[in-house]
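Heads up, the thing below is written out as structure tokens.
The values are calculated or read from the model by the stated rules, or taken from the named source; none is laboratory data. Predicted, not measured: the structure shown is a model, and the values here were computed from it. Heads up, the Cβs are rebuilt from the backbone with ideal geometry, glycines too, and the neighbour counts pull from every protein chain shown. Only protein heavy atoms, including side chains, enter the accessible area calculation; ligands, DNA and RNA are left aside. Shrake-Rupley method; radii C 1.70, N 1.55, O 1.52, S 1.80 Å.
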Number of protein chains: 2
Amino acid sequence: MKERHEHILGEVVRAYLNTGQPVGSRTLAEQGELGLSPASIRNVMAELERQGMLSSPHTSAGRVPTDSGLRYFVDSLMAVDPDMNQQLENAVAGHLPGTPERNILLKRATDELASLTHFAGMVWVHEQGFNRINRIELVPVSSEKLLAVIVTDSGEVQNRLIVRPGDTSDAQLHEISLRLNELLSGCNLEEARLRLQREMETDRLKVRHLLEDLKRWADAPTEGQTEMFVSGQRQLLEMPEFAVVDTIRSLMCAIEEREQLLHLVEQVESEESGVKVFIGSEHALVNMEQVSVVLSRYQGPANLVGTLGVIGPRRMHYERVVPIVDCTAKWVSRMLGGGLQTK
Amino acid sequence: MKERHEHILGEVVRAYLNTGQPVGSRTLAEQGELGLSPASIRNVMAELERQGMLSSPHTSAGRVPTDSGLRYFVDSLMAVDPDMNQQLENAVAGHLPGTPERNILLKRATDELASLTHFAGMVWVHEQGFNRINRIELVPVSSEKLLAVIVTDSGEVQNRLIVRPGDTSDAQLHEISLRLNELLSGCNLEEARLRLQREMETDRLKVRHLLEDLKRWADAPTEGQTEMFVSGQRQLLEMPEFAVVDTIRSLMCAIEEREQLLHLVEQVESEESGVKVFIGSEHALVNMEQVSVVLSRYQGPANLVGTLGVIGPRRMHYERVVPIVDCTAKWVSRMLGGGLQTK
DNA sequence: GTCAAGCACTCTAGCGAAGAGAGTGCCAGT
DNA sequence: ACTGGCACTCTCTTCGCTAGAGTGCTTGAC
């Protein structure tokens with residue numbers, strides 16, 4: 001594409017991102033960035049419209065960038081301020097200190113995404129079903145109940161109340177704990193199930209009921225296999241383009257139902273450069289042509305991998321949002337990798 | 001109030017709850033419940049308007065019940081179908097089987113409230129700061145980290161990663177666990193802090209760092225001292241009265257900020273009959289005159305007490321919503337009381 | 001060949017007028 | 001005490017009009 005065309009496309013996009021309104025040739029000329037008359041700008045704009053980069057809502061409105069136009073802008077024209085990147089990294093790291101438990105860390109990252117971008121922040125955890133049990137502990141709670149705590153090697157903590165075998169002292173319970181750790185440490189779910197089954201048959205510890213309870217836990221389809229955190233949905237209501245309830249409704253539905261979004265998340269490859277942007281109809285979410293999604297993979301230790309990003313109006317400042325998502329993903333990877341490494 | 005007036009007020013409210021539109025004298029007469037001519041109905045309606053039970057948006061619209069009108073209806077006119085109560089109890093109990101961990105149970109109750117009413121369901125837990133530690137356990141996670149699990153006597157499970165003291169074997173860790181249990185079982189937060197302080201001075205176990213970590217935990221302002229679960233916000237978007245974005249925005253703000261709602265929750269006394277209804281301006285939430293809140297206390301074991309309910313449009317079917325909230329509160333109380341009692 | 005100026009054309013947003021519809025209040029009659 | 005009838009009021013919708021903004025095209029200058 002000719003340099004002048006790129007220049008003008010860039011200006012149209014920038015003006016559109018700022019105002020959300022169609023931009024006309026005169027406003028662009030008066031703005032003075034180009035040093036051209038409205039008429040000349042018009043010629044170029046007409047050309048860009050033929051190429052599918054711009055479109056006009058009607059004859060006498062200005063031009064609005066199409067999805068392709070925004071795509072070209074994001075891919076080739078967008079200039080990321082190098083200062084900002086540094087600044088952002090500091091901001092992200094500053095707001096998110098410490099190494100808390102995994103889910104708390106991820107929840108905080110979600111909040112941070114939302115507050116930095118003013119859109120809705122989202123974080124997914126893909127278990128991949130390969131979690132290995134790192135530790136299992138039985139904590140006495142009352143005479144009838146005990147709490148089974150499992151720590152996986154990806155740093156996740158799960159706990160569940162189960163029935164306490166009759167007449168077991170705390171010391172005996174500790175015995176059983178030790179035995180279970182021998183038995184199950186390093187197992188994934190599948191193996192754990194098998195070994196529990198085998199153990200039930202010999203049952204040296206006479207705790208058949210307890211083993212059954214545990215097995216039932218392992219058998220249950222691991223709900224929340226892809227966990228999801230969301231934050232800041234409210235801020236989307238502030239955007240003027242969502243003043244029509246219909247759009248916001250589709251948006252909330254998509255967030256609550258998760259199916260559609262998961263499908264999108266799968267398209268983000270971890271090998272790629274990092275951030276992936278879906279503009280308007282590119283993400284194929286129904287009734288959400290006015291919505292864009294910016295995502296990036298993060299990588300924790302072992303088999304923990306996830307995706308995070310934001311969902312917001314098509315008219316978002318990609319120059320700012322893309323680095324935010326990028327920094328957050330890197331920061332989360334670093335925190336997870338550094339803080340929870342199990343070996 | 002005269003019987004006829006009550007009768008007509010009741011019909012106006014019912015018609016309004018169904019349609020959401022102002023109701024006129026003719027529609028009411030044609031409906032045939034009253035056996036009166038439009039003119040007679042008009043006379044009564046004018047009287048009711050003078051009493052502040054009804055109001056007309058403008059001269060030639062029908063009448064809409066005021067907050068007082070709805071209040072009178074809820075207090076004196078509302079007939080709760082006795083069958084429904086039984087039916088609801090079955091429905092609630094049916095959808096919510098088992099006795100999982102406390103927070104999961106409460107989350108499920110929230111979902112159930114939302115799905116039964118089609119509004120947003122909410123559940124709060126008021127800790128009252130009196131929680132006693134029932135059990136504390138240290139679970140080894142890696143060579144550098146361990147997981148501290150605390151079970152309170154209200155059945156709540158908290159866990160946190162802390163630094164593992166250098167060169168401690170799993171067996172030693174168990175030793176420390178036992179000692180900590182001796183030290184802290186039955187303590188509330190205040191006592192725990194004191195005892196940890198004292199222990200740090202003598203420190204028989206040479207684990208000063210660990211004790212410091214724990215103390216820091218106890219010192220931290222217990223965040224989420226009033227926990228809150230929300231579900232089904234999306235369904236509020238379906239309500240035609242929330243088609244204007246402003247109302248829904250205030251609503252989402254109120255839910256996310258929590259402050260205002262907490263203030264409201266405090267007004268629900270546990271001794272009272274059960275369900276408390278706040279209609280329109282009664283709850284003094286800003287910009288939410290079109291919103292009603294229905295709440296009830298539930299009572300768990302020991303010092304665990306909470307509030308649950310729904311938030312929805314002023315025009316809700318109170319005859320249905322009130323028993324739903326009532327049943328859910330009773331069911332939650334039963335589940336918590338029965339399943340997690342510690343002694 | 002490139003750019004700018006001018007002009008006719010098109011489309012929308014906003015405003016006021018007019019008419020339909022719904023509901024009321026009041027009066028008179030049974 | 002209740003009802004039928006009538007005049008009145010207010011809103012909602014539709015229609016037509018105008019001002020404003022922006023375009024495309026043609027023509028002329030460098």
Task: From A:LEU70, A:LEU34, A:LEU88, residue being within 29 Å of A:TRP331 (Cα to Cα) and not assigned by TED's automatic domain parsing to the domain that holds A:VAL293 - done: A:LEU70
TODO: Please find, within the range A:164-205, the residue that is surrounded by the fewest Cβ atoms within 10 Å (Cβ to Cβ) out of those that are in contact with a helix residue (DSSP H, G or I) (Cβ under 6 Å, 6 or more places away or on another chain) and not in a helix (DSSP H, G or I).
DONE: A:LEU205
- [ ] Look at B:MET45 and say whether it is more than 12 Å from DNA strand C (Cβ to nearest atom) and within 15 Å of B:GLY69 (Cβ to Cβ).
- [x] no
- [ ] Report yes if some residue within the range B:286-308 is under 19 Å from the mean Cα position of the chain (by Cα), away from chain A (no Cβ under 12 Å), at pLDDT below 90 and on the phi > 0 side of the Ramachandran plot; otherwise report no.
- [x] no
Open item on the list: So, in the range A:131-155, how many residues would count as being open to solvent by less than 20 Å² (accessible area, probe 1.4 Å), within 19 Å of B:GLU156 (Cβ to Cβ) and more than 8 Å from chain B (Cβ to nearest Cβ)?
Closed with: 3
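Of all residues in the range A:27-42, how many are closer than 12 Å to A:ARG63 by Cβ, within 13 Å of DNA strand C (Cβ to nearest atom) and open to solvent by 30 Å² or more (accessible area, probe 1.4 Å)?
Summing the residues that are closer than 12 Å to A:ARG63 by Cβ, within 13 Å of DNA strand C (Cβ to nearest atom) and open to solvent by 30 Å² or more (accessible area, probe 1.4 Å) in the range A:27-42 gives 1.
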TODO: Go through the range A:240-283 and give me each residue that's modelled with pLDDT of 90 or more and outside any helix (DSSP H, G or I).
DONE: A:VAL275, A:LYS276, A:VAL277, A:PHE278, A:ILE279
Task: Single match in B:GLU49, B:GLU11, B:GLU6 (criterion: in contact with a Ser or Thr (Cβ under 7 Å, 6 or more places away or on another chain), surrounded by 15 or more Cβ atoms within 10 Å (Cβ to Cβ) and not aliphatic (A, V, I, L, M)) - done: B:GLU49
- [ ] Name the one entry in A:LEU17, A:LEU34 that is free of Cβ contacts under 8 Å to residues at least 40 places away in the same chain and either more than 25 Å from A:PHE278 (Cα to Cα) or away from DNA strand D (no atom under 13 Å from the Cβ) (or both).
- [x] A:LEU34
- [ ] Select from the range B:313-326 the residues that are within 13 Å of the chain's Cα centre (by Cα) and crowded, with 23+ Cβ neighbours inside 10 Å and list them in ascending order.
- [x] B:ILE324, B:VAL325
- [ ] Would you check which residues across the range A:232-283 are closer than 26 Å to A:TRP331 by Cα, within 11 Å of chain B (Cβ to nearest Cβ) and open to solvent by 20 Å² or more (accessible area, probe 1.4 Å) and list them?
- [x] A:GLN233, A:ARG234, A:GLN235
